[in-house]
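Engineer: Pasting in a structure now, in structure tokens, and then I'll have a few things to ask.
The values are calculated or read from the model by the stated rules, or taken from the named source; none is laboratory data. If you're wondering where the values come from, they're calculated on a predicted model, not measured in any experiment. In this analysis, Cβ positions are derived from the backbone assuming ideal geometry, glycine residues included, and neighbour counts consider all displayed protein chains.
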Amino acid sequence: MNDRRIPPSRRTLLKAGALLPTIAMPSLVRAQSGTLKIGVILPLTGVLAFPGQQTRQGTELAVKMMRDQGINVEATFIDTESKAETGRVAAERLIRDGHTVLVGAWDSGATISAAQAAEAAKVPLIVNIASAPQITEQGFTMVFRNFTSAGQLVTSAVQRIKELPRNAGFAPKTAVLTHTSDTFGQAMLGGVKALWDKLGVDIKIIDVISYDVRARDLSVEIAKAKALNPDLMCPITRVNDAILIVREMVKQDFNPMAIVGPGSPGPYEKAFTDALGKYADDYITCVPWYDPSRATAKAVLQRWAKEYPGDRLELNSGFGWESIQVAADAFKRAGSNKPADLHAALKATKIEEHLMFGGPIQFDAKGQNNNIGGAMLQIVKGEPVLVGPSSIAQAQPKLPMTKWKARA
């Protein structure tokens, strides 16, 4: 496993004219005690490497921006190599090395594994990205998840699908779901199936097609879906398989009315749009996203453009950024870097001004933030654009999608 530490900054005062709004704090704040050592667990190589690296960029940027506010934090990264079982090993190593709060682990399997080590050592774990219900339903007391559970993710995603505007060329009646067969895919599928009818979506799911997350050929699965001639193709994906699905649909000239991912990571990532070019356009996905109207979002976007020119701030980097904001907020309020003090502070978290769309960051008795909003994105000229809900939408969705052979 690889690790890398960002050394602590010498800067202790907020620079005049700094870009980031001051983190909201209670009126009584104790003095900091030393430096907060944060151990960050991510898939930096293997099949999940791209989103893992994107999450790392957001995490590193947040460390820099917190230091600009005089909050002494440092981060050490350990690579899970996209293996679920590596989460616990990574967590145990970071705890042995003196890290008093952990962040991770992007993948649900690795996060559950890491949570077991955090629980045993009584060290808090801030979940940046991972949606499996088990993470907050197994009785862990050290887990604080600032990401949607599969149930939350699917509820908002299915609601966004229900809200899709109908027109003369877009009145879908049938859908086919495809999904990865891993922990994430199974959890998401169960949620979609349970909520589809409950929320009153007037589109019939006529088949569900499963495949391995490491598959390199989805020709059989796409041929099966095409034969059913659904109005909607609803893939539950990550970035690599999302690319494979679209390429195969183009190859087989499979043209549903729309492709709409119900809570699917991947299609908003730069790897997806770079790989597919014009064929990425019109793809819709329903996921949490940053709120461009927030002061924090404007500050982060401006700093991001300087630090990572040519890269895209998106879901992974956004929640990576917020994971450090949550840790820094707890550290500042606690005035201590001891695990027990940080744990108590995390339980009392309430951050009003933050990056992602939704209400304040705060955790319930199970350690879940229930205030994360769900957005709908559509790829337009190679860029993800907010098309729902109306409160943050930047454009109306283009429906139906342009047929593959008609793309210039």
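Engineer: Would you kindly identify the helices (runs of 4 or more DSSP H) lying entirely within segment 82-144 that contain at least 3 residues that are assigned by TED's automatic domain parsing to the domain that holds K338 and charged (D, E, K, R)?
Structural biologist: 86-96
Engineer: Scanning for something at pLDDT below 95 and surrounded by fewer than 17 Cβ atoms within 10 Å (Cβ to Cβ), does segment 98-109 turn up at least one residue?
Structural biologist: Checked against the condition, which is being at pLDDT below 95 and surrounded by fewer than 17 Cβ atoms within 10 Å (Cβ to Cβ), segment 98-109 yields no hits at all.
Engineer: Name, by its number, the condition in (1) under 18 Å from M257 (Cα atoms); (2) buried (at least 18 other Cβ atoms within 10 Å of the Cβ); (3) in contact with an Asp or Glu (Cβ under 9 Å, 6 or more places away or on another chain) that does not hold for V201.
Structural biologist: Among (1) under 18 Å from M257 (Cα atoms); (2) buried (at least 18 other Cβ atoms within 10 Å of the Cβ); (3) in contact with an Asp or Glu (Cβ under 9 Å, 6 or more places away or on another chain), V201 violates only (3).
Engineer: Being farther than 29 Å from K83 by Cα, buried (at least 21 other Cβ atoms within 10 Å of the Cβ) and not basic (K, R) narrows it down to one residue among V158, V154; which is it?
Structural biologist: Working: V154 fails: farther than 29 Å from K83 by Cα.
Only one candidate passes the filter, namely V158.
Engineer: Pairs only if they're at least six apart or on different chains, beta carbon under 9 angstrom, first in segment 59-79 and within 17 Å of L94 (Cα to Cα), second among the polar types (S, T, N, Q) and surrounded by 23 or more Cβ atoms within 10 Å (Cβ to Cβ); list them, first residue then second.
Structural biologist: T59/N128; T59/S317; T59/S323; A75/T59; F77/T59; I78/T86; D79/T86
Engineer: Any idea how many residues of segment 338-392 are of a type in the set (S, T, N, Q), buried (at least 22 other Cβ atoms within 10 Å of the Cβ) and in a loop (DSSP other than H, G, I, E, B)?
Structural biologist: Looking only at that region, the number is 1.
Engineer: Select, from N255, N316, the only residue that is out of contact with any His (no Cβ under 9 Å at 6 or more places or on another chain) and surrounded by fewer than 24 Cβ atoms within 10 Å (Cβ to Cβ).
Structural biologist: N255
Engineer: Further, regarding this structure: Can you tell me which residue within segment 36-65, out of those that are out of contact with any Gly (no Cβ under 9 Å at 6 or more places or on another chain) and among the β-branched types (V, I, T), is surrounded by the most Cβ atoms within 10 Å (Cβ to Cβ)?
Structural biologist: Per the stated criteria, the residue is I38.
Engineer: Among the listed residues A49, A75, A62, identify the single one that is modelled with pLDDT under 95 and not polar (S, T, N, Q). Spell out how you get there, then give the answer.
Structural biologist: Working: A75 fails: modelled with pLDDT under 95; A62 fails: modelled with pLDDT under 95.
The conditions single out A49.
Engineer: Let me ask something additional. Pick out the one residue from G190, G200 that is on the phi > 0 side of the Ramachandran plot and not in a strand (DSSP E or B).
Structural biologist: Sole residue among the options that is on the phi > 0 side of the Ramachandran plot and not in a strand (DSSP E or B): G200.
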